[in-house]
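So that we are looking at the same thing, I have put the structure below in structure tokens.
Quick note: the coordinates plus some simple rules give every number you see, no bench work behind them. All of these numbers come straight from a predicted model, not from anything done at the bench. Using ideal geometry, Cβ is built from the backbone for each residue, glycine included, and neighbour counts are taken over all protein chains shown.
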Amino acid sequence: MTQRGPWRLRRVSVLLAAPAVGALTLTGCGGSESGGEAGGSAAAADGFTFTFENASGGESPWQLLADEYTAATGVEIETQGLPPDSYGLTVRTQLQGGNASDLMMFSPGAGNSNAVMPLAEAGYIEPLGESSTELIPEGNEDLFVLDGKTYAQPTDLVPVGMVWNAGAATEAGVEVPGDFDAMIEACKAVGEGKSLFALAGSVPQNAGLMTMSISATRVYAEDPDWNSKRAEGSVSFADSKGWQDTLQTVVDMNEAGCFQDGAAGGGFDAITQGLTQGSALGAFVPGAAATELAKATPGAKFEVEPFPAPTGADPYMFASPNYALAVNAKAEPGAKQAAIDFLAWAAQPENSRTFTELQGGVAITGPDENLAPVYAPVADLLEAGDYSPLPLLSWPNPGVYDALSTGVQGLLTGQGDIPSALAAVDAAWDQ
Amino acid sequence: MTATIRKGPVVGEGSSAAGGGAVSRSRRARPLITYGRWWWALPAIAMVALVHYAATAGGAVYAFTDWTGIGDFDFIGLDNFRRIFDDPKLIGSLKNTLFLAFGFLVLTNVVGLCLALALNRTLKSRYLLRVLFFMPVVLSPLAVSYVWKFIFDFKGPLNGVLGWVGMEPRTWLADPTLALWAVLLVMAWQTTGMVMVIFLAGLATVPIEIEEAAAIDGAGTWRRFRHITIPSIRPSIAIASTLMLIQGLRVFDQVMALTGGGPAGATETLATQVYKQTFALSNFGFGAALALLLTLIMLVFSVLQQVATRDRSQGA
């Protein structure tokens, strides 16, 4: 037990690294009032196989959920935890080779290599029933539904803003910036040897996630349907004032010294060390990582905050299902039904609540009395519905996010400018 | 090993030269001792052809498709190749690949030859030094790269030394002007020992008597090196340069571990782009086109290099 702290830190490091393969890492399982028609049916005598991402290599919440299901129903589940960096490739290969698991974990939408929708389009995923459809949060339909059929079941909501070390900020005499101008002032005022943010600049996806967080108030607060318009071709990144402002914000932050020294070459260790040691007050990581950081650093107080809006604008943020569970279309009939029964069981409020607590997310139905303390600062935003899905999930291919991330990395190192970075994102979208 | 001995008079090269031309030709057609039969190799040849060449050729077909790694695909002709040459980033990757390959070729061969010459004969501690210089070769390229990543870190020992002498720290691996040189340095540091060993083997074949005779005749160090050593180790030069050129063209591990291709693509090579496009971005067709291009480049440069380093004295 004496090794628990370091172990957790290592786990957090691995968890933070997961966006390198596409998106976010931690997940929970949301509750639903609609689940319950199967509820661990005794008819589900067949066992099934279940593949999921296991970032830390340790105890996985998916495994715990599977164990609980087996204990409750007697149905055997053969699990397979795969490392995140090769997860998408491995599952695709298994699906094409005919040896994929009956139940699989994916990312919603089509925007990264773990995404479920391209697989659904190719006929590898079994359509699901009404109970799964009812779990999809409003505005997230295109991440789970294709041609009127639901292909995956959402599990949780993961808010994405910035993770804030409230304890270290108090010690440094810095309050959560109310708007962007205040944030720039705070960047300049924060003490010697400290920075307002820790950035893993050598990992393009961390720069990308930061850009996502900034775009919430610069692009999507005003126009939540911006992605749809881009898909129609009526707008573009290069011509978007919001996206230009977003990238200009990154440049302004860099010039104001908001990041740690040597941020352009920093890795995820810079984030974990900076946040846990208090040398950085915030970082751009998935909201659920705040829970893990808090567990790894006894006495520290972490919370999730929205990225400061431009002066005079209202706060806004992203929150969307992080993972999606889907059933193999080519599974044996008995195993397929067993997997579908499991999904119905997992959707039941009491089961999803346990899973949400294990993973550190927010219930799929929105904040409730079980909301983790780290989300208290954004509870009002979530309750008011002032959020939209993480944009990259509904982008048409992984190259779009990669182009944005790489372009922002180039802004930090002085290799490019805003127009060329946004033009590259448009080009990736149109591939 | 099976040996077949044919009966008959033994006629050597000497007798052939003495005038036994017809007999000699007959002997060349049917050697006295043969080991096995050519067709014994057929199963192995078939396996190599099937597993290696046929599979590779099959993969090359995807270079002309838009396959995303799952589902159906369409043949799109040369579109993937046009896209490669239209994309400045991919042209940059090609330039980086060539820079690393030729930089690696030159650095490892020059430094390796210098080390081999220094550790060839006279130095008493040469055996220990040979081991020390060769040790990095046996390490995993990834492990070596991660050690160097630590050294190059902003808070790492290299910047610590710079700070000690009053210089500003640098973001070595995040600086677009330095990162590629850092990768080249790590590649060369690890592999120079291998080249040194190849040249040491070559230098062992240089007759010391000829060198001594040349020295007695008044040839200086440079002339002995130029006219005796270099011609004698030409096969070693050919081997070392071929291996280093190919290794440089397909560099992957060091780039991925040190920079991941960054910052903003400044150290991307064709090999890392093949991986990124194929496995991270699910552009299998495009990745196959890049891989095919990389293969062709390696083939062309290997042939050119073989032509450049062949021993022309045998043809004279």
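If I model a spin label at A:Q248 and B:L142 as a point 7 Å from the Cα along the Cα→Cβ vector, what separation in nanometres do I get?
4.4
So what's the gap between the Cα centers of region B:273-314 and region A:187-266, to the nearest angstrom?
37
Using only the alpha-carbon atoms, what does region A:246-386 span along each of its principal axes? Please give whole angstrom values in decreasing order.
60, 35, 34
Around B:L158, what is the net charge, scoring Lys/Arg as +1 and Asp/Glu as -1 over all other residues with Cβ under 14 Å from its Cβ?
0
In deg cm²/dmol and to the nearest 500, what is the mean residue ellipticity at 222 nm of chain A if only DSSP H runs of at least 4 residues count, each as -39500 (n - 2.57), divided by the residue total?
-12000 deg cm²/dmol
Looking at region A:108-252, what % of the alpha carbon pairs are farther apart than 24 Å?
49
Rounded to the nearest 20 debye, what is the charge dipole size of the protein assembly as shown about its Cα centre when +1 sits on each Lys and Arg Cβ and -1 on each Asp and Glu Cβ?
In total the dipole reaches around 6440 debye.
Something else about it: If each of B:R37 and A:E255 carries a label point 7 Å out from its Cα toward its Cβ, how far apart are those two points in nm?
Roughly 8.1 nm, to one decimal.
Please pull out the direction-averaged projected area of the protein assembly as shown, using the convex hull of its alpha-carbon atoms, in nm² to one decimal place.
For the protein assembly as shown, the mean projected area of the Cα convex hull comes to 43.3 nm².
Rg (Å, one decimal) plus Dmax (Å, integer) for the alpha carbons of region B:63-311?
Here Rg and the maximum Cα pair distance are 21.7, 75 Å.
Okay, next question. Near the amide H of A:M162, under 5 Å away, which other amide H atoms are found, from residues 5 or more places off or on another chain, if H is placed in the peptide plane?
Those lying under 5 Å, H to H, from A:M162 are A:E305, A:F307.
Which value results for Rg/Rh of region B:187-316 when Rg is the Cα radius of gyration and Rh the Kirkwood radius based on the inverse mean 1/r?
1.16
How large is ³J(HN,Hα), in whole Hz, for each residue of region B:201-214 in order, when computed from phi with the Karplus curve 6.51 cos²θ - 1.76 cosθ + 1.60 and θ = phi - 60°, using x for Gly and Pro?
Couplings: 4, x, 5, 5, 8, 6, x, 5, 5, 5, 4, 5, 4, 5 Hz.
Oh, and also: Report the Stokes-Einstein translational diffusion coefficient (µm² s⁻¹, integer) for region A:229-270, Rh taken as the Kirkwood radius over Cα pairs, at 25 °C with viscosity 0.890 mPa s.
In µm²/s, the coefficient rounds to 197.
Could you list which residues have their amide H under 5 Å from that of A:A280, counting only those 5 or more apart in sequence or on another chain, with H placed in the peptide plane?
Amide H to amide H, under 5 Å and 5 or more residues apart or across chains, A:A280 pairs with A:S195, A:L275.
Looking at region A:320-368, what % of the alpha carbon pairs are farther apart than 13 Å?
Beyond 13 Å sits 63 percent of the P(r) for region A:320-368.
Right, another one. Report the FRET efficiency, 1/(1 + (r/R0)^6), for B:F73 and A:E121, where r is their Cβ-Cβ distance and R0 is 22 Å, rounded to 0.05.
According to the calculation, E is roughly 0.95.
While we're on this one: I want to check the label-to-label distance for A:D314 and A:Q80. Put each point 7 Å from Cα in the C-beta direction and report it in nm to one decimal.
Inter-label distance under the simple model: 4.7 nm.
For region B:28-121, what D do you get in µm² per second when you plug the Kirkwood radius from alpha-carbon pairs into Stokes-Einstein at 25 °C and 0.890 mPa s?
The calculation lands on 129 µm²/s.
At 222 nm, what value in deg cm²/dmol follows for chain B if DSSP H runs of at least 4 each add -39500 (n - 2.57) and the sum is divided by all its residues, to the nearest 500?
-18000 deg cm²/dmol
At a 10 Å Cβ-Cβ cut-off, how would you order A:S60, A:S202, A:S195, fewest neighbours first?
Going from least to most buried by this count: A:S60, A:S195, A:S202.
By counting other Cβ atoms within 10 Å of each Cβ, how are B:I151, A:I125 ranked from fewest to most?
The fewest-first ordering by Cβ neighbours comes to B:I151, A:I125.
Per residue of region B:289-304, in order, report the coupling 6.51 cos²θ - 1.76 cosθ + 1.60 (Karplus, θ = phi - 60°) as ³J(HN,Hα) in whole Hz, putting x for Gly and Pro.
After applying 6.51 cos²θ - 1.76 cosθ + 1.60, I find 5, 4, 5, 5, 4, 4, 4, 5, 4, 5, 5, 4, 5, 5, 5, 4 Hz.
Another question, then. With a 10 Å Cβ neighbour count serving as the proxy for reagent exposure, in which order, fewest first, do A:Y401, B:Y127, B:Y275 appear?
Ordered by Cβ neighbours within 10 Å, fewest first: B:Y127, B:Y275, A:Y401.
Over its Cα atoms, what ratio of radius of gyration to 2.2 N^0.38 Å does region A:317-431 give?
Taking the Cα Rg and dividing by 2.2 N^0.38 Å, one obtains 1.46.
Count neighbours as other Cβ atoms within 10 Å of each site's Cβ, and list the trypsin sites (Lys or Arg not before Pro) in region B:159-236 that are DSSP loop with at most 13 such neighbours.
When the trypsin sites (Lys or Arg not before Pro) of region B:159-236 are filtered for loop state and at most 13 Cβ neighbours within 10 Å, nothing remains.
For a quick check: with amide H placed at 1.01 Å from N, whose amide H comes under 5 Å from A:L146's, ignoring anything fewer than 5 positions away on the same chain?
A:Y151
Angle between the Cα long axis of helix A:268-277 and the longest principal axis of chain A, 0 to 90 degrees, nearest 10?
The angle comes out near 70 degrees.
Here is a follow-up. Taking a quarter of the surface of the Cα convex hull of chain A, what do you get in nm²?
19.4
Under a point-charge model restricted to the Cβ atoms of Lys and Arg (+1) and Asp and Glu (-1), what is the dipole moment magnitude of region B:89-242 relative to its Cα centre, in debye to the nearest 20?
About 140 debye.
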